[in-house]
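Colleague: Got a structure for you, written out below as structure tokens; questions coming shortly.
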6 protein chains.
Amino acid sequence: MALNKDRRIGRHAILLLLSDNPTEQLAKLEQSNWKGCLGKVGSMDAQKIVAAIETAAKKNEIVKTDVYRESHALYHAIIEALHGVTRGQVQLGSVLRTVGLSFAVLRGNPYDNEQEGDWIAVSLYGTIGAPVKGSEHETIGLGINHI
Amino acid sequence: MALNKDRRIGRHAILLLLSDNPTEQLAKLEQSNWKGCLGKVGSMDAQKIVAAIETAAKKNEIVKTDVYRESHALYHAIIEALHGVTRGQVQLGSVLRTVGLSFAVLRGNPYDNEQEGDWIAVSLYGTIGAPVKGSEHETIGLGINHI
Amino acid sequence: MALNKDRRIGRHAILLLLSDNPTEQLAKLEQSNWKGCLGKVGSMDAQKIVAAIETAAKKNEIVKTDVYRESHALYHAIIEALHGVTRGQVQLGSVLRTVGLSFAVLRGNPYDNEQEGDWIAVSLYGTIGAPVKGSEHETIGLGINHI
Amino acid sequence: MALNKDRRIGRHAILLLLSDNPTEQLAKLEQSNWKGCLGKVGSMDAQKIVAAIETAAKKNEIVKTDVYRESHALYHAIIEALHGVTRGQVQLGSVLRTVGLSFAVLRGNPYDNEQEGDWIAVSLYGTIGAPVKGSEHETIGLGINHI
Amino acid sequence: MALNKDRRIGRHAILLLLSDNPTEQLAKLEQSNWKGCLGKVGSMDAQKIVAAIETAAKKNEIVKTDVYRESHALYHAIIEALHGVTRGQVQLGSVLRTVGLSFAVLRGNPYDNEQEGDWIAVSLYGTIGAPVKGSEHETIGLGINHI
Amino acid sequence: MALNKDRRIGRHAILLLLSDNPTEQLAKLEQSNWKGCLGKVGSMDAQKIVAAIETAAKKNEIVKTDVYRESHALYHAIIEALHGVTRGQVQLGSVLRTVGLSFAVLRGNPYDNEQEGDWIAVSLYGTIGAPVKGSEHETIGLGINHI
Ligand SMILES: [Mg+2]
Ligand SMILES: [Mg+2]
Ligand SMILES: [Mg+2]
Ligand SMILES: [Mg+2]
Ligand SMILES: [Mg+2]
Ligand SMILES: [Mg+2]
């Protein structure tokens, strides 16, 4: 059941965000049987972060639109990633803060065992802070789920 | 007050953990006026994670041992990083899960403005799961504080 | 101080929601010295869930309108029930999810000892999920308080 | 993607716990293509609750022992159910309270669409309170996950 | 239903802790129909904080020992007060911190309306920090409940 | 590193709020090298509480407007104080409750050691409850941070 060293899905999902060439990097991953997508979203409204990621993942066919179990897996991965970003209460504007995030969604099997099937990783990286330019620091989040 | 693109402390702290040569990477950062340290800790006991990071940061003189404001800054950065790792309740063994983590602590000024002074980043990356070999997935956390 | 097996207020409150004839079931309970009411509410707005239950409980005279201690007891029972429904953050629309719930409020003494006086149970049962028909699973919550 | 009215997995899982003949009730469910198991556990230690449910589910072959994705699905369903039981902090002894719970685990497809595959429900019902006989009230929790 | 300006129970409970003569101050309150008690407790174990307050309140007959509704009211007031002290996760030793607290429990009717009956306030004041002398800052908490 | 008994910043910040002459009291503190300000805010919107305190602190020059590390220290102190006020979820209107608060911000060094530099305390005291006059009880919160 061990994680395969070369297929650590979370590590890949985060490196995509920190890369200087995320699109190129994603193309390489797609050649190795990963599905993935990238995007950016800034908002004081956590709901818009969730929506942006769900929309990107569906549009890029990372998750099947008409099967709820896939949306369910993605949703919980997004919320887990938001815990890392918000560190306490999954709230933004309601506690007067805003985020500017890039995100990646990656899908594939990170384990040696084929029976583990597909997993999904949602990574978030960017800044969080007051709604004032520059009054912000970095933040990261990662959610991982079986799908 | 903007973050300096080359001095994004959180990004550096995470890349250290995901690097193939973290020690070498840290040496480079130290040449550019960052202070930092690296370590590993595995436990079902969140308290031991906190202690391992605090001990490493003090031993490597990232924070001053005899000034509480420095320990205070580090402590809150650690707890924020643990939120990303635990995603909900900052609990490990008490909800029957364990972690195997590598960590980095980095200190320096990530902003253009010198007045922003020093900040501290605590990054965590590794696995979380049941206390059974292989029953685990990846996890990440980042805490950032002024110091 | 033991709970009376036949007067388990929480069990009754949940069975009301899962019953095929909740109104009939409630009528039986009212013959055995329970006060209660039933209702339905669907919303992305947790505030509306709270308001719907409070309004029903006051209109049906389960709690006295002009005594704050009764509203206070009810309020905390509602919030506790919402914890079961939301499982982590008591948030709905702000994390892009919605609920369709039936609810019951029940009041009476579930203990053998008369001195225990009245207690109140708030039960919630229904679905939670994305604001898309069918993209949802079941959810339940129970809050109990002395009143 | 709608939930099938007769196959509401959460409702079944809770009714099992509130039934006067849970074993008989479970036998009926097993005839309709559900897999399930029942158990009891009392503890001040949340970890023991998690372990008791995981052990029962594995012993009764509700989840496959050697596939992590199945344990992962179960684990998160258990933790979600514990949120309903604890209503705020997933802690028992550390805040001086104890639980006496019966639990059920149920597995099957609650949706009309076959593609939705298997889902798992963990239900908890019992009492929570001070570690003093009778100083307790009822509590319930339900966690649902795709598996 | 308004709070009576002279009988603000929370304000009294906190002033007791910040007073130079808490015992004398409490004696005055007891002459005005309040019941109350004072104590001190230091621990890395949240459970011991809860136990110390419960024991003091029972020993001083602020709550009736043999009526669960009174213990229940007190318990929730204690936990609410601990939220102010811990500010996020109601955890001490498990996140490597300790507290040194004085506490007060006060009982009476803070409202103009006699029907509001008795309410209970639990106040906590002291220090929280690392288990190292001096590595600590102040902390306060207040829980209020109808009883 | 010990706290100086006469300079307990949290105690001073709370006593300001409970004082009959807060302005006079603050003037005395300002003569002893403390900086501080006072204000009042009532809202169902946690965001407005945060904004009111930040605005007052900046207008009164307790924190420097153009240095993010100062805003960052203040922000986290405010959020910590709100934990005491809300006791569980840092939410007001979204769970149908409102607050009427007075607040104080105090800045100075509470420790014997000069190297500890400045710390900031945010104290909140007032009422929390339903958006109905009189349906409310008291609440308090204190957040402390190095600045
Ligand atoms: Mg997981
Ligand atoms: Mg911050
Ligand atoms: Mg209770
Ligand atoms: Mg779900
Ligand atoms: Mg209350
Ligand atoms: Mg602190």
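Colleague: What about residue F:81, is it within 26 Å of residue B:72 (Cβ to Cβ), crowded, with 22+ Cβ neighbours inside 10 Å, among the small types (Gly, Ala, Ser) and touching a residue at least 24 places away in the same chain (Cβ under 8 Å)?
Modeller: On the way: within 26 Å of residue B:72 (Cβ to Cβ): yes; crowded, with 22+ Cβ neighbours inside 10 Å: yes; among the small types (Gly, Ala, Ser): yes; touching a residue at least 24 places away in the same chain (Cβ under 8 Å): yes.
Here the answer is yes, as residue F:81 does meet what is asked.
Colleague: Could you grab me the full set of residues in the range F:117-147 that are closer than 26 Å to residue E:137 by Cβ and not aliphatic (A, V, I, L, M)?
Modeller: If we filter the range F:117-147 for residues that are closer than 26 Å to residue E:137 by Cβ, which is where we start, we get F:117-126, F:128, F:138-147.
Scanning the range F:117-147 gives F:117, F:118, F:119, F:123, F:125, F:126, F:138, F:139, F:141, F:143, F:145, F:146.
Colleague: Scanning for something closer than 22 Å to residue D:131 by Cβ, more than 16 Å from ligand 2 (Cβ to nearest atom) and within 7 Å of another protein chain (Cβ to nearest Cβ), does the range D:55-74 turn up at least one residue? Explain how you work it out, then say what you get.
Modeller: Step one: filter the range D:55-74 for residues closer than 22 Å to residue D:131 by Cβ, giving none.
Scanning the range D:55-74, I find no residue that is closer than 22 Å to residue D:131 by Cβ, more than 16 Å from ligand 2 (Cβ to nearest atom) and within 7 Å of another protein chain (Cβ to nearest Cβ), so the answer is no.
Colleague: What about residue E:132, is it farther than 29 Å from residue F:129 by Cα and either more than 16 Å from ligand 2 (Cβ to nearest atom) or in contact (Cβ under 8 Å) with a residue 60 or more places away in the chain (or both)? First the steps, then the outcome.
Modeller: On the way: farther than 29 Å from residue F:129 by Cα: yes; either more than 16 Å from ligand 2 (Cβ to nearest atom) or in contact (Cβ under 8 Å) with a residue 60 or more places away in the chain (or both): yes.
Judged against the criteria, residue E:132 is a match.
Colleague: If you don't mind, there's one more thing I want to ask. Just one of the numbered conditions (1) farther than 19 Å from residue A:141 by Cα; (2) part of a loop (DSSP other than H, G, I, E, B); (3) touching a residue at least 24 places away in the same chain (Cβ under 8 Å) is not true of residue B:90; which one?
Modeller: (1)
Colleague: Right, next: Considering only residues that are within 16 Å of the chain's Cα centre (by Cα) and either assigned to a loop (DSSP other than H, G, I, E, B) or β-branched (Val, Ile, Thr) (or both), which ones fall in the range C:110-127? So that I can check it myself, show each step before the final result.
Modeller: Taking the range C:110-127 first, the residues within 16 Å of the chain's Cα centre (by Cα) are C:110, C:118-127.
Within the range C:110-127, C:110, C:118, C:120, C:122, C:127 meet the criteria.
Colleague: Of the numbered conditions (1) among the hydroxyl-bearing types (Ser, Thr, Tyr); (2) closer than 21 Å to residue D:9 by Cα; (3) without any contact (Cβ under 8 Å) to a residue 40 or more places away in the chain, residue C:71 satisfies every one except a single condition; which is it?
Modeller: Residue C:71 satisfies all of (1) among the hydroxyl-bearing types (Ser, Thr, Tyr); (2) closer than 21 Å to residue D:9 by Cα; (3) without any contact (Cβ under 8 Å) to a residue 40 or more places away in the chain except (2).
Colleague: Can you confirm whether the range A:53-68 contains a residue that is without any contact (Cβ under 8 Å) to a residue 40 or more places away in the chain, among the charged types (D, E, K, R), part of a helix (DSSP H, G or I) and closer than 21 Å to residue B:127 by Cβ?
Modeller: no
Colleague: Could you please find all residues in the range C:127-147 being more than 16 Å from ligand 5 (Cβ to nearest atom) and closer than 18 Å to residue D:87 by Cα?
Modeller: C:128, C:138, C:139, C:140, C:141, C:142
Colleague: Let me ask you something else. Go through the range B:60-70 and give me each residue that's touching a Ser or Thr at 6+ places or on another chain (Cβ under 9 Å) and either surrounded by 24 or more Cβ atoms within 10 Å (Cβ to Cβ) or not polar (S, T, N, Q) (or both).
Modeller: If we filter the range B:60-70 for residues that are touching a Ser or Thr at 6+ places or on another chain (Cβ under 9 Å), which is where we start, we get B:63-65, B:68.
Across the range B:60-70, the qualifying residues are B:63, B:64, B:68.
Colleague: Of the residues in the range F:83-109, how many are among the hydroxyl-bearing types (Ser, Thr, Tyr) and over 16 Å from the mean Cα position of the chain (by Cα)?
Modeller: Count: 2.
Colleague: Right, residue C:117: more than 8 Å from chain D (Cβ to nearest Cβ), surrounded by fewer than 22 Cβ atoms within 10 Å (Cβ to Cβ) and over 21 Å from residue B:88 (Cα atoms) or not? Talk me through it step by step, then tell me what you get.
Modeller: Working: more than 8 Å from chain D (Cβ to nearest Cβ): yes; surrounded by fewer than 22 Cβ atoms within 10 Å (Cβ to Cβ): yes; over 21 Å from residue B:88 (Cα atoms): yes.
Criteria met by residue C:117.
Colleague: Take the range A:17-36 and flag every residue that is within 11 Å of chain B (Cβ to nearest Cβ) and among the aliphatic types (A, V, I, L, M).
Modeller: A:17, A:18
Colleague: I would also like to ask the following. Mind telling me which of the residues F:128, F:120, F:147 ends up being touching a helix residue (DSSP H, G or I) at 6+ places or on another chain (Cβ under 9 Å), under 30 Å from residue C:76 (Cα atoms) and of a type in the set (A, V, I, L, M, F, W, C)?
Modeller: On the way: F:120 fails: under 30 Å from residue C:76 (Cα atoms); F:147 fails: under 30 Å from residue C:76 (Cα atoms).
Criteria check complete, one pass: F:128.
Table: residues versus (1) farther than 13 Å from residue B:105 by Cβ; (2) touching a helix residue (DSSP H, G or I) at 6+ places or on another chain (Cβ under 6 Å).
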residue: B:18; (1), (2): yes, yes
residue: B:27; (1), (2): yes, no
residue: B:31; (1), (2): yes, no
residue: B:37; (1), (2): no, yes
residue: B:41; (1), (2): no, yes
residue: B:49; (1), (2): no, no
residue: B:65; (1), (2): yes, yes
residue: B:70; (1), (2): no, no
residue: B:75; (1), (2): no, no
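Colleague: If you don't mind, there's one more thing I want to ask. Residue B:127 passes all but one of (1) in contact (Cβ under 8 Å) with a residue 24 or more places away in the chain; (2) of a type in the set (S, T, N, Q); (3) over 18 Å from residue B:45 (Cα atoms); which number fails?
Modeller: (3)
Colleague: Which of the residues that make up the range E:90-107 are in contact with a Leu (Cβ under 8 Å, 6 or more places away or on another chain) and at positive phi? Can you show your working first?
Modeller: Of all residues in the range E:90-107, those in contact with a Leu (Cβ under 8 Å, 6 or more places away or on another chain) come to E:90, E:95, E:98-99, E:101-106.
Of everything in the range E:90-107, nothing turns out to be in contact with a Leu (Cβ under 8 Å, 6 or more places away or on another chain) and at positive phi.
Colleague: Related question: I'd like the residue in the range F:37-48 that is surrounded by fewer than 24 Cβ atoms within 10 Å (Cβ to Cβ) and among the hydrophobic types (A, V, I, L, M, F, W, C) and, out of all such residues, is farthest from the other protein chains (Cβ to nearest Cβ). Give the derivation first.
Modeller: Let us first name the residues in the range F:37-48 that are surrounded by fewer than 24 Cβ atoms within 10 Å (Cβ to Cβ), namely F:37-45, F:47-48.
When the remaining residues are screened for being among the hydrophobic types (A, V, I, L, M, F, W, C), the result is F:37-38, F:41, F:44.
Numbers: F:37: 18, F:38: 16, F:41: 13, F:44: 9 Å.
My answer is F:37.
Colleague: Residue C:112 passes all but one of (1) within 12 Å of chain D (Cβ to nearest Cβ); (2) farther than 17 Å from residue E:69 by Cβ; which number fails?
Modeller: Checking residue C:112 against (1) within 12 Å of chain D (Cβ to nearest Cβ); (2) farther than 17 Å from residue E:69 by Cβ, the one that fails is (2).
Colleague: Also, I was wondering about something else. Please find, among E:114, E:136, the residue that is at pLDDT 95 or above and more than 24 Å from residue F:10 (Cα to Cα).
Modeller: On the way: E:136 fails: more than 24 Å from residue F:10 (Cα to Cα).
Answer to the check: E:114.
Colleague: While we're looking at this one, here's another question. Checking the condition of a type in the set (D, E, K, R), under 18 Å from residue A:37 (Cβ atoms) and more than 16 Å from ligand 3 (Cβ to nearest atom), which residue from A:107, A:97 passes? Write out each step before concluding.
Modeller: Details: A:97 fails: under 18 Å from residue A:37 (Cβ atoms).
Checking each option against the conditions leaves just A:107.
Colleague: Residue by residue through the range E:83-105, note down the ones that are more than 19 Å from residue B:47 (Cα to Cα) and facing chain F (nearest Cβ under 9 Å). Before you say what the answer is, go through the steps one by one.
Modeller: Residues of the range E:83-105 more than 19 Å from residue B:47 (Cα to Cα): E:83-84, E:101-105.
The answer is E:83, E:84.
Colleague: For residue D:118, only one of the following conditions fails: (1) in contact with an Asp or Glu (Cβ under 8 Å, 6 or more places away or on another chain); (2) in contact (Cβ under 8 Å) with a residue 12 or more places away in the chain; (3) not aliphatic (A, V, I, L, M). What is its number?
Modeller: (1)
The values are calculated or read from the model by the stated rules, or taken from the named source; none is laboratory data. Everything numeric in this text was worked out from a predicted model, so none of it was measured. Positions of Cβ are generated from backbone atoms using ideal geometry, with glycine treated the same way; all protein chains shown enter the neighbour counts.
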